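Nothing in this text is a laboratory measurement; each read-out follows from the coordinates by a stated rule. None of the values given here were measured: they were computed from a predicted structure. Here the Cβ is made from the backbone with ideal geometry for all residues, glycine too, and neighbour counts use every protein chain on show.
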Amino acid sequence: MIQRNPHEPEFHQAVHEVLGSLEPVLERYPQYRKAGILERIVEPERQIIFRVPWVDDSGQVRVNRGFRVQFNSAIGPYKGGLRFHPSVNLGIIKFLGFEQTFKNALTGLPIGGGKGGSDFDPKGKSEGEVMRFCQSFMTELYRHIGADVDVPAGDTGVGGREIGYLYGQYKRITQSYSGVLTGKGLNWGGSLVRTEATGYGLGYFVSEMIQARGRSFQGAKVVISGSGNVAIYATQKVQQLGGTVIALSDSDGYIHDPEGIKLETVKRLKEVERKRIREYALAHPAAVYTEGCSGIWTLPCDIALPCATQNEISEESAKTLIRNGCWAVAEGANMPSTPGAVQQFLAHGVLFGPAKAANAGGVATSALEMSQNSLRYSWSFEEVDAKLKAIMTGIYRDASRAAQEYGSPGNLVSGSNIAGFLKVARAMYEQGVV
């Protein structure tokens, strides 16, 4: 696998992490090995790479690279976000699509795994530049997606604004009004709770995970990395559940507010003014801003929720968190803990919720948006929120049950990998060699 996919360390890391959990499954189901399930499940069904030419405000032609990796459709149409960020390359998209396959399976909903994006950076671009880029991107992507084929959503760098421009171009080209994207505006097919879903879902998952050990958010000090959509709504849910969020970050540095993060300020800075997190300290003198985002993990806390990017918690950072009394960690971002960090958490009895389970709320609510689009009907906020909570509770229980059944009780990393793999593998086996 490594020889066929050189220079893709994130993809290698994700594959090793999943396959390392599956030995007891393959002992029980040797037919999966014979049918080449492992060889097939690590190979994307389709990888699409394309150029994205666009014109900036000065009239200069720019060219970015676009990707869509349609990883696995065994249990439903491909489903996964689009990421616009300079770090995007094929290996990153493959790692995300591989993880997405099992995450989507864990939701219990009929959706396969995919991921896409571009090395375009929307940060610092004008509205017109973002619109022209999105229109160019969709001019190629439209031919590869569809409501029953592949349904992209947002991810890092792709929010409601970008989804709107992408959907407008898709509609213009195809002359069809279908649920081909999720994360749409509420006035044109979007779902209530979608904005809050990943952060809320993380809160629901962690609440279930810690309740199983007789704990709760009440009175807990929580550190959350990031200050985008996931971090903002994870903060909101933690606060609703009784916890105190004392820190947030962005790629430049982090703020520490021992009195508790004032969420209305963060929302204003990030969702309205699109400013850096350092500005928070100007509004709240009790808060301290520190350059360097990795330092956030030196703050003593009870619960850590990494919601920024992959591999942001190193083994050393994990050791520091443990020394400072952290007793629970759950991943709001995709693979934010290195393998060494995960080993430290598990070895020291820290409750650990892996990304494919803990941050599945976003894609779960995207699938609920797909259902509403198919029905030409909208559920209330309360209805969608209740469904999201039930899905996240079910994910925790399925992962915990699988860990127990296959010999690693309490290990939600193994449990999530096994529960997700079993659903995808059974479908692949029953559908033959395709």
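Structure data summary
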| quantity | calculated |
| --- | --- |
| Whole-number percent relative contact order across the chain, with pairs defined as alpha carbons under 8 Å at least 6 apart | 16 |
| Cα centre as origin, Lys/Arg/Asp/Glu Cβ charges: segment 233-333 dipole, Debye | 240 |
| Peptide ranges 121-132, 187-198, 204-215, 16-27 listed from the most packed, as the mean C-beta count within 10 angstrom indicates | 187-198, 204-215, 16-27, 121-132 |
| Förster-model FRET efficiency, 41 Å R0, Trp188 and Arg4, C-beta, rounded to 0.05 | 0.45 |
| Sum of side-chain charges, Thr393 neighbourhood, beta-carbon under 15 Å (Lys, Arg +1; Asp, Glu -1) | +2 |
| Over the chain: helical MRE at 222 nm, DSSP H runs n ≥ 4 each giving -39500 (n - 2.57), nearest 500 | -13500 deg cm²/dmol |
| Where labels lie 7 Å past Cα in the beta-carbon direction, separation of Thr298 and Ala35 in nm | 5.2 |
| Cα→Cβ-extended label distance, 7 Å offset, between Glu259 and Arg161, nm | 3.1 |
| Cα-projected label distance for Ser176 with Val61, points at 7 Å along beta-carbon direction, nm | 3.1 |
| Inter-centroid distance (Cα atoms) of segment 171-198 relative to segment 342-386, Å | 18 |
| Normalised per residue, the volume of the convex hull around the Cα set of segment 220-295 (Å³) | 76 |
| Residue-count net charge about Leu422 - beta-carbon cut-off 13 Å; Lys, Arg +1, Asp, Glu -1 | +1 |
| Reciprocal mean inverse distance between Cα atoms of segment 167-213 - Kirkwood radius, Å | 13.0 |
| √(5λ) per eigenvalue of the Cα gyration tensor, the chain, largest first, Å | 30, 29, 20 |
| Net length gained if the chain between Ala386 and Arg143 were fully extended (0.36 nm per residue, minus Cα distance) | 84.0 nm |
| Beta bridges by DSSP in the chain, antiparallel share as percent, to the nearest 5 | 55 |
| Estimated dipole of segment 42-177 in Debye, rounded to 20 [Cβ of Lys and Arg +1, of Asp and Glu -1, Cα centre] | 80 |
| Burial ranking of peptide ranges 170-181, 363-374, 106-117, 145-156 (average Cβ count within 10 Å, highest at the top) | 106-117, 363-374, 145-156, 170-181 |
| Summed side-chain charge close to Trp54 - residues other than Trp54 whose Cβ falls under 15 Å, Lys, Arg +1, Asp, Glu -1 | -3 |
